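Written below as structure tokens is the structure these notes are about.
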Amino acid sequence: MKLDSSIAAVVTGGASGLGEATVRQLAAQGVKVAIFDMNEAKGEAVAKEVGGVFCKVNVTSEEDVDAGFAKARAAHGQERILVNCAGTGNAIKTAGRDKQTGETKHFPLDAFNTIIQINLVGTFRCIAKSAKGMLDLAPLEDGERGAIVNTASVAAEDGQMGQAAYSASKGGVVGMTLPIARDLASEGIRVNTILPGIFNTPLMNGAPPQVKEALAASVPFPKRLGNAEDYAQLALTMITNGYFNGEDVRLDGAIRMAPR
């Protein structure tokens, strides 16, 4: 897919981190970008900088997602690109003992379900609704109608202690990539997923410098945390390379996560 001002895109979680970097790289190619995010102040600011549109969207809400796509399409037309970066995580052991009281407890199921709803169901909700809209687009010269990029995590394959919900949600994103790509192949819509390793995103900002240094040292090569621009570059490759389809690609400096 050639990127220019005739192309519209939607990026979920586009107000910061991996999503923001992707928004900026798409906009730099002339693409008209809509940002789906919960952070209104940051989302509006980024949208203004790149000449895009901000849509306040909680991906767990059917109404929010429908309203977001309606607003984005009213501004830019039907999107040919969807990049799913909205997501979150938590760290709770499946079962354990309270260090202070010795009381046994288990992972609260509502906390588990929250992560599944945001990372997995939210991603699928946006894919299904975006793909439905793409079906009405005229195909490009090569028969392509659209391209979708999802965000999983290396935790989908080697999750650490406490990451049962997070790993399950991201493993679900990996698991559904190929069947969705197969579902949409006859309509010329490609689907791929990126599995980032340890990235220097806003979620990492609260970590002490020595923790960041230790994490960077654990990466085989290059010995640094991933940058959001690394993710965006791969996302754009998945979008522009028409033979890239049905793939799940680790972007992690060859790291394999230890149990903790």
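Please treat every number below as a calculation from the coordinates, not as lab data. Keep in mind that this is a model prediction, so the values were computed, not measured. For neighbour counting, all protein chains shown are included, and Cβ atoms are generated from backbone atoms with ideal geometry for every residue, glycine included.
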- request: Return Ser169, Ser6 ranked ascending by Cβ neighbour count within 10 Å, so the fewest neighbours appear first.
  value: Ser6, Ser169
query: So for the chain, taking the charge dipole from beta-carbon charges (+1 Lys/Arg, -1 Asp/Glu), which of Pro220, Gly89, Leu18 sits furthest toward the positive end?
result: Pro220
field: Dipole moment magnitude, nearest 20 debye, segment 8-251 about Cα centre, only Lys, Arg, Asp, Glu C-beta charged
entry: 380 debye
message: Under 27 Å between alpha carbons, and skipping anything fewer than 8 positions from Lys129 in its own chain: which lysines qualify?
response: Lys2, Lys32, Lys42, Lys48, Lys56, Lys71, Lys170
- line: Note, segment 113-128: 3J(HN,Hα) by Karplus (6.51, -1.76, 1.60, θ = phi - 60°), whole Hz, Gly/Pro = x, goes 5, 4, 5, 4, 5, 6, 6, 9, 5, x, 5, 5, 4, 5, 4, 4
query: From the Cα gyration tensor of segment 1-47, with a ≥ b ≥ c the square roots of its eigenvalues, which class applies: rounded if a/c is under 1.5, or else prolate if a/b is larger than b/c, or else oblate?
result: prolate
- request: Output ³J(HN,Hα) for segment 139-153: one whole-Hz value per residue in order, computed from phi by the Karplus curve 6.51 cos²θ - 1.76 cosθ + 1.60 with θ = phi - 60°, and x for Gly and Pro.
  value: x, 6, 4, 8, x, 7, 10, x, 9, 10, 10, 10, 10, 9, 5
query: Given Cα pairs under 8 Å that are at least 6 residues apart, what percent is the relative contact order of the chain?
result: 20 percent
- request: Set the Förster distance to 30 Å, then compute FRET efficiency between Gln233 and Met161 from the Cβ-Cβ distance, nearest 0.05.
  value: 0.45
query: What residues have an amide H closer than 5 Å to that of Met38, excluding those fewer than 5 places away on the same chain, when H is modeled at 1.01 Å from N in the peptide plane?
result: Val57
message: How much of the DSSP bridge set in the chain is antiparallel, in percent, rounded to the nearest 5?
response: 10 percent
query: Between Leu178 and Ala45, what FRET efficiency comes out of the Förster formula 1/(1 + (r/R0)^6) with R0 = 30 Å and r the beta carbon distance, rounded to 0.05?
result: 0.25
- prompt: Taking the Cβ-Cβ separation of Leu203 and Phe107 as r and a Förster radius of 25 Å, what is the calculated FRET efficiency to the nearest 0.05?
  reply: 0.80
Overall form of segment 1-156 per C-alpha gyration tensor (a/c, 1.5; a/b vs b/c): prolate
Virtual spin-label span in nm between Glu62 and Val211, 7 Å along Cα→Cβ: 3.9 nm
- request: Find out how many positive minus negative residues lie around Arg260, taking Lys and Arg as positive, Asp and Glu as negative, among other residues whose Cβ is under 13 Å from that of Arg260.
  value: 0
message: Give the separation of the Cα centroids, segment 185-227 to segment 53-89, in Å.
response: 24 Å
query: Of Ala95, Ala164, Ala72, which has the largest mean-square fluctuation in a 10 Å C-alpha GNM of the chain?
result: Ala95
statement: The long-range amide H neighbours of Gln160, using H built 1.01 Å from N in the peptide plane and a cut-off of under 5 Å, are none
- prompt: Which lysines have a Cα less than 18 Å from the Cα of Lys223, not counting those fewer than 8 places away in the same chain?
  reply: Lys212
